[in-house]
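Presented below is the structure to which this report refers.
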Amino acid sequence: MKKISIFGATGSIGRNTIDLIRRAPGAYDVVALSGGRNIEQLAADAREFRADVAVTAFPELLEDLRAALAGSDVEAAAGPQAIAEAANRPADWVMSAIVGAAGLVPGLEAVKQGATLALANKESLVCAGGLLLRTAKAHNARILPVDSEHSAIFQALIGEDMSEVERIIITASGGAFRDWPLDQLREATVAEASSHPNWDMGQRITIDSASMFNKALEVIEAKEFFGVSPSQIEVLVHPQSIVHALVGFRDGAVMSHLGAPDMRHAIGFALHWPERRDLPVERLDLAAIQQLSFATPDPARYPALGLAWDVMNRGGLTGAVFNGAKERVLDHFIAERIGFVDMARVVAQTLAWADGQAGLLDQTMTLEAVLHVDHLARQETDRVVAAGVA
Ligand code: NAD
Ligand code: MG
């Protein structure tokens, strides 16, 4: 039986992972499940799959979790340290589906014990790509991408030689405001930004899709994961979300991955790799879809996207600043302290501030340095917001 753990089990990616596990009774031995405030869900899943341990991110919820697990054999634990320890418990396959930089440490712990890491948590590659990849290599652990675009690129590269890759094209749906008049974007509400035209995802990534901060993270994720240069990555707006990514080769050939927008494909691919197995995803009917369209993203509509190249070209620990600042502006937008269009402006200011701090971005990428820079970036972002957005 394959031993697996799921971090962020109660979220959108976590639920989809559990759906696949549930369809294969007896195939998986669940070691650890983690969640946040949804104790009922976490406990129900932990009981159903007879997990060894269930962990909530919040220490104040430990007693609730214990109560919900009473009479079962599942151990209850709480807090970031407990999540890290659970990730270090031996497993063959670990799903990293916590949202935000909080996913970094569990991902590192999972590769340290040699597990195959199914990586949905793109933030860990953005803020500490070099560290995560180096740690995985040192422990002979494999990382498989779960982000749909990166799973698509990975699949288009099967049997290919990276030295023959000319470019990688990542598609973007364009998010909730793709067709809005530009001058209305400053009035966009949290509720409006939280509805995605094609994908059913967590609230944070859905808002990041509307601003294209999500695509900026994915561009950096692609550079880190596939080791290409920033100038080799392109983004295309593709409203139908059917073509997930394309890879162009030196001879002009382009290989692409198509499928209905359902994360169970990328999750299932990572779960069964290197095999392909049956997955309960809708089969593609191109005749019914009829048209696939593509456009260059408008920098005036998506100012966050261009920041990805600033981050990649600056290098060092800039990714940690970018991610930390992005997480905080999103908090501030959700709390209605800043407007939708302010998010990219504040992040750009925080990046400029960090670049001006002598030596800050050029330290060796250790976990401590990443966490320190992440902390400073959040602090500076809060300062900019408190001072009033220009
Ligand atoms: P979600 O908000 O639905 O779920 C997040 C999970 O993380 C929940 O289990 C929550 O309890 C947990 N969590 C939140 N804060 C935490 C913290 N501080 N410490 C520990 N656990 C915490 O998010 P999601 O949409 O499932 O996304 C998860 C990750 O997968 C993100 O990195 C996202 O970018 C990535 N991703 C998601 C999708 C998608 O379709 N949802 C697609 C591609 C990539
Ligand atoms: Mg994606």
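The gain in end-to-end length when the Q357 to W180 segment is fully stretched comes to 59.9 nm, 0.36 nm per residue minus the alpha carbon separation.
Sequentially through the stretch 273-288, phi angles give Karplus couplings (6.51, -1.76, 1.60; θ = phi - 60°) of 3, x, 8, 10, 10, 4, 10, x, 9, 4, 7, 6, 10, 5, 5, 6 Hz, Gly and Pro residues having no value and appearing as x. Each residue of the stretch 338-347 was assigned a 3J(HN,Hα) from its phi angle through the Karplus curve 6.51 cos²θ - 1.76 cosθ + 1.60 (θ = phi - 60°); the sequence is 9, x, 4, 6, 6, 4, 5, 5, 5, 5 Hz, with glycine and proline shown as x. Note on A386 and E85: with the Förster distance fixed at 30 Å, the Cβ-Cβ geometry gives a FRET efficiency of about 0.25.
Backbone amide hydrogens, once placed in the peptide plane, bring D29 within less than 5 Å of K2, K3, I4, excluding anything fewer than 5 places away on its chain. May I ask you to list the residues of the stretch 96-110 whose amide nitrogen lies under 20 Å from a point 7 Å from Cα along the Cα→beta-carbon direction of Q203? Under cut-off, by backbone N: 97-103. Label zone (W309, point 7 Å along Cα-to-C-beta; backbone nitrogen cut-off 14 Å) within the stretch 205-238: 216, 219-220, 229-236.
One chain, two ends: Q113 and F58. Fully extended at 0.36 nm per residue, the span grows by 17.4 nm beyond their Cα-Cα distance.
Quick one: F294, F269, F49, fewest Cβ neighbours within 10 Å first, how do they rank? Could the numbers behind the result be given before it?
Numbers: F294 13, F269 25, F49 21.
Result, fewest neighbours first: F294, F49, F269.
Averaged over residues, the count of other Cβ atoms within 10 Å places the peptides 355-368, 200-213 in the sequence 200-213, 355-368, highest first. Relative contact order for the stretch 38-80: 45 percent, from Cα pairs under 8 Å spaced at least 6 residues apart, divided by residue count. Cross-link partners for K3 among the lysines, with Cα-Cα distance under 25 Å and sequence neighbours closer than 8 places in the same chain left out: K112, K122, K137.
Estimate the FRET efficiency between D73 and E160 by the formula 1/(1 + (r/R0)^6), using the beta-carbon distance for r and 41 Å for R0, to the nearest 0.05.
Values: r = 46 Å, r/R0 = 1.13.
Taking R0 as 41 Å, the efficiency between D73 and E160 is 0.30.
Relative contact order for the stretch 2-145: 21 percent, from Cα pairs under 8 Å spaced at least 6 residues apart, divided by residue count.
Here the Karplus relation 6.51 cos²θ - 1.76 cosθ + 1.60, evaluated at θ = phi - 60°, turns the backbone of the stretch 302-314 into coupling constants of 10, x, 5, 4, x, 4, 4, 6, 4, 5, 5, 6, 6 Hz, with x for every Gly and Pro. Taking other Cβ atoms within 10 Å as a rough exposure proxy, M343, M263 sort from fewest to most as M263, M343.
So if R0 is 35 Å, what FRET efficiency would L258 and H375 give, r being the distance between their Cβ atoms, rounded to the nearest 0.05? Efficiency computed from Cβ-Cβ geometry: 0.25.
When DSSP beta bridges are restricted to pairs lying wholly in the stretch 161-316, around 70% turn out antiparallel.
Taking amide H as placed 1.01 Å from N in the peptide plane, A118 has its amide H under 5 Å from the amide H of V94, M95, S96, L144, each at least 5 places away in sequence or on another chain.
Summary of the geometry: the stretch 294-357 and the stretch 79-145, compared by the centres of their Cα atoms, lie 24 Å apart. As a proxy for reagent exposure, S163, S194 were ordered by neighbouring Cβ count within 10 angstrom, fewest first; the result is S163, S194. Once the Cα-Cα distance is subtracted from the 0.36 nm per residue extended length, the E187 to R37 segment shows a gain of 50.9 nm. Summarising the amide proton neighbourhood of H257: residues at separation of 5 or more, or on other chains, whose placed amide H is nearer than 5 Å comprise H244, A245.
Each label point was placed 7 Å from the Cα along the Cα-to-Cβ direction; for R283 and R50 their separation is 3.6 nm.
Only the coordinates and a few stated rules stand behind these numbers; no lab work does. For clarity, every value in this text was computed on a predicted model and none was experimentally measured. Glycine also receives a Cβ, built like all others from the backbone with ideal geometry; neighbour counts cover every protein chain displayed.
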